[in-house]
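A quick write-up on the structure given underneath.
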Amino acid sequence: MLTQEQVKETLENVIVPRVMRSLVKMNLVRDVSVADHKVSVTLSSVALTDDIQEEIKGQVKEVIGKLDGVKEVNVSYIGGKPSDLNKVSHVVAIMSGKGGVGKSLVSSLAAVALKRRGYEVGILDADITGPSIPRMFGISARPGGSDTGILPVVSRSGIEVMSINLLLASEDDAVVWRGPLIGKAITQFWEEVLWGELDYLMVDLPPGTADAPLTVLQSLPVSGIVIVFTPQDLTAMIVKKAVKMARQMGKPILGVVENMSYLYVPEINKRIELFGKSQGTEMARVAGAPLLGQLPIDPALAKLCDEGNIERYDSDIYGAFIENLAGALQASAK
């Protein structure tokens with residue numbers, strides 16, 4: 001006898017256009033009933049245009065109609081809001097007290113690594129005035145959607161991405177907004193984007209401890225923070241500010257990452273500390289959290305980011321950082 005579970009498994013094969021994820025992964029399946037060889041499926045119409053709704057309805061009828069014992073398939077839609085459908089298990093904020101330390105890089109590398117491990121991952125680019133995530137992933141398509149919600153853009157490997165740069169006429173257009181507008185945009189990216197079911201949503205924060213980071217930490221269910229810094233004398237003070245903000249907001253620090261820690265010159269087999277001696281151990285002590293990694297200046301990585309191919313990057317050092325990050329994420333989930 002046909003069961004609801006079998007129908008839902010079959011619906012995994014129905015792909016939502018534009019995001020190229022299944023109805024189930026986007027959490028659009030609201031109800032399934034099976035009775036007397038008749039299957040009724042209720043879907044949410046959130047963020048779906050009329051033509052996409054019709055396309056999905058046709059797919060659903062086709063795949064379910066092939067199941068043994070099915071004589072009739074009915075598909076209907078109900079409304080709703082993205083925030084009612086989104087099921088994000090872990091929201092991880094990537095933070096720093098100053099700009100230019102590589103938060104976007106760490107956010108992207110972490111997302112790529114988690115995706116490679118089989119997790120469903122998204123990136124919310126909360127750096128409204130200085131977005132760089134789309135460029136690193138080679139994404140230029142505009143988000144889809146309807147008046148009921150926004151569909152994120154999906155990278156080559158299947159990472160969902162939402163950034164203000166994807167909404168601008170040109171990626172080099174300046175976003176000249178005051179704090180309240182920036183905060184509203186970040187809130188909309190969380191509440192009005194249909195993320196669906198995600199294991200991890202990485203949030204790339206802008207630098208500092210002002211309006212935008214405050215909006216994220218107050219409005220989003222952040223489960224942990226990763227603090228990024230570089231090995232400079234100014235670092236200690238900056239990291240302490242970020243740590244104090246995290247503690248004041250009651251958010252756990254998963255770990256710290258020292259970026260641009262050194263430059264390795266293979267011809268002479270030497271590590272050159274361009275920005276001074278590493279402060280990784282000291283910053284981990286200040287944060288009361290583990291040192292997740294000391295990432296070098298890697299020309300190969302810089303080239304891939306410029307080309308929009310960060311998803312192709314791999315290295316032993318990167319692997320060690322990801323192992324530590326995965327351990328911190330798992331520990332926080334317990």
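Net charge in the neighbourhood of P82 (other residues with Cβ under 10 Å of its Cβ; Lys, Arg +1, Asp, Glu -1) is -2.
Phi angles of segment 134-141 translate, via the Karplus equation with coefficients 6.51, -1.76, 1.60 and θ = phi - 60°, into HN-Hα couplings of x, 4, 5, 9, x, 9, 9, 5 Hz per residue; Gly and Pro are given as x. Once the Cα-Cα distance is subtracted from the 0.36 nm per residue extended length, the R142 to E323 segment shows a gain of 61.8 nm.
Rounded, prolate or oblate: which fits segment 120-200, taking a ≥ b ≥ c as square roots of the Cα gyration tensor eigenvalues, rounded meaning a/c under 1.5, else prolate when a/b beats b/c? Oblate, because a/c is 1.5 or more while a/b does not exceed b/c.
The Q330 and R116 beta-carbon pair, evaluated with R₀ = 22 Å, returns a calculated FRET efficiency of approximately 0.90.
Comparing I297, P221, G327 along the charge dipole axis of segment 199-334, the residue lying farthest to the positive side is P221, per the Cβ-charge model. DSSP finds beta bridges in the chain, and of those with both partners inside it, around 30 percent are antiparallel.
Need the list of lysines near K240 for cross-linking: C-alpha distance under 24 angstrom, and skip anything on the same chain fewer than eight residues off. Straight-distance partners of K240: K98, K103, K251, K277.
Helices of the chain meeting both criteria, an alpha-carbon length of 15 angstrom or more along the long axis and an average Kyte-Doolittle score not below -0.5, with helices taken as full DSSP H segments, are 103-116, 179-191, 235-248, 316-333.
In this simple spin-label model, placing a label point 7 Å from the Cα along the Cα-to-Cβ direction at both R285 and S315 gives a separation of 2.8 nm.
Between E197 and E273, what is 0.36 nm times their sequence separation minus the Cα-Cα distance? Round to one decimal in nm.
Extra length available between E197 and E273 comes to 23.2 nm.
Taken one residue at a time, the phi angles of segment 71-81 give Karplus couplings (6.51, -1.76, 1.60, θ = phi - 60°) of 10, 8, 10, 10, 10, 10, 10, 10, x, x, 10 Hz. Gly and Pro are set to x. Each Lys and Arg contributes +1 and each Asp and Glu -1, all at the Cβ; summed about the Cα centre of segment 152-247, the dipole is approximately 540 debye. Which residues make up the longest stretch of the chain that has no GluC sites (Glu not before Pro) in a DSSP loop with at most 15 other Cβ atoms within 10 Å? Looking at the chain, 13-170 is the longest stretch - no exposed GluC sites (Glu not before Pro) with at most 15 other Cβ atoms within 10 Å. Close amide-amide hydrogen proximity is noted between E197 and M26, N27, K87, each under 5 Å apart and 5 or more residues distant or on a separate chain (H modeled in the peptide plane; Pro and chain starts excluded). Each peptide in 109-115, 314-320 receives the mean, over its residues, of other Cβ atoms within 10 Å, and ordering these scores from highest gives 109-115, 314-320. The alpha-carbon of K38 sits under 23 angstrom from the alpha-carbons of these lysines, leaving out residues fewer than 8 places away in its chain: K8, K57, K61, K66, K71. Relative contact order for the chain: 18 percent, from Cα pairs under 8 Å spaced at least 6 residues apart, divided by residue count. Each residue of segment 256-262 was assigned a 3J(HN,Hα) from its phi angle through the Karplus curve 6.51 cos²θ - 1.76 cosθ + 1.60 (θ = phi - 60°); the sequence is 10, 10, 8, 9, 6, 5, 6 Hz, with glycine and proline shown as x. Going from the fewest other Cβ atoms within 10 Å to the most, the residues I64, I268, I133 appear in the order I268, I64, I133.
Readers should treat all values here as calculations from the given coordinates under stated rules, not as data from a laboratory. None of the values given here were measured: they were computed from a predicted structure. Don't worry about glycine lacking a Cβ; one is built from the backbone with ideal geometry, like all the others, and counts go over all protein chains shown.
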